[in-house]
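Student: To start, I am sharing the structure in question, which I have written as structure tokens.
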Amino acid sequence: MTLNATQALAIIGLVALSTVLTRFLPFALFSGKRKAGKYVHYLGKMLPYASIGLLVVYCLRGVEFGNAANIVPEMIAVLSVVILHYWKENALLSMGVGTAVYMVLINVVF
Amino acid sequence: MDESKKKALKATFPHTIPVLAGFLFLGFAYGVLMKSKGYGAGWSVLMSLFAFAGSAQYAAIIALTTVFNPINAFVLSLIVNARHVFYSISMLDKYREMGKMKGYLIFGLCDETFSIVSSTKPPKDVEPKMFYFFITLLDHCYWVVGTALGGLFGLVISMNLKGLDFVLTALFVTIFVGQWKIRSNRGPAMIGVLCSIVCLMLFGESRFIIPAMILIIAIITLLQKPLSVTKQAAKEVEK
């Protein structure tokens, strides 16, 4: 441990506080008497889909385009999830096969 | 546990299986990493229990291993956690009437829990409140248990599970494809992906999230009319 116990506790407390602040803020602003207006309601309808798009990019952010050993397994695995899920619509199957494909590719092939 | 709760738990569990795999693995890795920096299971579990935010916890390892700088640590976690604001705005309606559980449901709204609760309709014979509660609780438990195992046994057990964390990417991709199948969802989904890619290229992988969020809000706001019309039309067809 680099820090002493009090300092470590303070850091943990602050990370926890940042989680609480970011997750509770919209609820604190738009609940109870101050109901969310039409615009916030509209955002609430659109953001679920935009957020999943953001999350997909977030997961793939480290992909290096010039590095085949890095990008090829990732792309093949993502594509197999997309195709399988479009076709069979079985979430666990898509994720299971996609992950297995990825693990085989990075551990055995590349 | 009474019957209705058991039933809710049974209906909920299958939805969390990918998170079970991903969180045990990543939580384990987190526990091991903390242990290697001199922070045993007690510390890492404390963090996983109360901060419950994977990326921020990984980022905070830096703060725990350099000179004490609380302000820096706090600002960095706020930046890493900023995307959660989007999740809460998305759940404002669904979580409005959750009674005593509301606080915990909001606290537990991590990436993975959000992706499931925002995209899955609770089964008809299960109270929505219980469905959301068990998704949140199970995911939270997986993360804490994974962390504890890593902190306790990490240096003893060595497994070759490299790449298992891809299961979480697969979870988000699966949900994305599921949403894409409904035409009216494609506008916002496309905006989310494109804005993120543009900002990733402009700002780099460590600081693209906040610009991407701002750009997403801006474009969604600019396109309020056409997007609302498409949604409305889709609703009419459903009726």
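Student: Kindly identify segment B:146-215 as rounded, prolate or oblate by the Cα gyration tensor criterion: order the square roots of the eigenvalues as a ≥ b ≥ c, call it rounded if a/c is under 1.5, otherwise compare a/b with b/c, prolate if a/b is larger, else oblate.
Tutor: oblate
Student: Within 10 Å of each Cβ in peptide B:59-71, how many partner chain Cβ atoms are there on average? Round it to a whole number, please.
Tutor: 4
Student: Then there's this: Would you mind putting B:101-110, B:163-172, B:43-52 in packing order, based on average other-beta-carbon counts within 10 Å, highest first?
Tutor: Values: B:101-110: 19.6, B:163-172: 24.5, B:43-52: 22.4.
Packing proxy ranking, top to bottom: B:163-172, B:43-52, B:101-110.
Student: Across peptide B:198-206, what mean number of C-beta atoms from other chains lies inside 10 Å of a residue's C-beta?
Tutor: Numbers: counts 1, 2, 5, 0, 0, 0, 1, 6, 1.
For this peptide, the per-residue mean of nearby foreign Cβ atoms is 2.
Student: Name the residues whose placed amide hydrogens come within less than 5 Å of the amide hydrogen of A:Val63, ignoring near sequence neighbours (fewer than 5 apart) on the same chain.
Tutor: none
Student: Quick one: Debye curve from the alpha-carbon atoms of segment B:119-239 only, equal weights, vacuum; give me log10 I(q)/I(0) at q = 0.21 Å⁻¹ to two decimals.
Tutor: These q points yield log10 I(q)/I(0) values of -1.23.
Student: Which of rounded, prolate, oblate describes chain A, given a ≥ b ≥ c as roots of the alpha-carbon gyration tensor eigenvalues and a/c under 1.5 marking rounded, otherwise prolate only if a/b is larger than b/c?
Tutor: It is oblate, given that a/c is not under 1.5 and a/b is not larger than b/c.
Student: Normalise the Debye intensity by I(0) for chain B, one equal point scatterer per Cα, no solvent, then take log10 at q = 0.08, 0.12 Å⁻¹ and round to two decimals.
Tutor: With no solvent term, the Cα-only Debye profile gives -0.35, -0.80.
Student: How would you order B:10-21, A:64-75 from highest to lowest mean count of nearby Cβ atoms within 10 Å?
Tutor: Numbers: B:10-21: 18.4, A:64-75: 12.7.
Put in order of decreasing packing, that is B:10-21, A:64-75.
Student: So, one more: Under a plain spin-label model, where a point goes 7 Å from the Cα along Cα-to-Cβ, how far apart in nm are B:Phe203 and B:Tyr104?
Tutor: About 3.5 nm separates the two model spin labels.
Student: Sticking with this structure for a sec: I'd like to compare B:137-144, A:49-56: which one has the highest average count of other Cβ atoms within 10 Å, and what's the full order after that?
Tutor: Listed from highest to lowest mean packing, they are A:49-56, B:137-144.
Student: So, one more: In whole angstrom, and with the biggest value first, how far do the Cα coordinates of the protein assembly as shown range along each principal axis?
Tutor: The principal-axis extents, from largest down, are 59, 53, 51 Å.
Student: Partner chain Cβ atoms within 10 Å, averaged over the residues of A:68-77 - can you pull that number for me?
Tutor: 1
Student: Tally Lys/Arg at +1 and Asp/Glu at -1 over every other residue whose Cβ is under 12 Å from the Cβ of B:Ile61; what's the total?
Tutor: +2
Student: While we're here: What number comes out for the charge environment of B:Gly151, summing +1 per Lys or Arg and -1 per Asp or Glu over other residues with Cβ under 13 Å away?
Tutor: Details: positive: B:Lys35, B:Lys37; negative: none.
Taking every other residue near B:Gly151 into account, the sum is +2.
FYI, it's all coordinate maths here, none of it is from the lab. Everything numeric here is computed off the predicted structure, so don't read it as measured data. All Cβ positions, glycine included, derive from the backbone under ideal geometry; neighbour counts span all protein chains shown.
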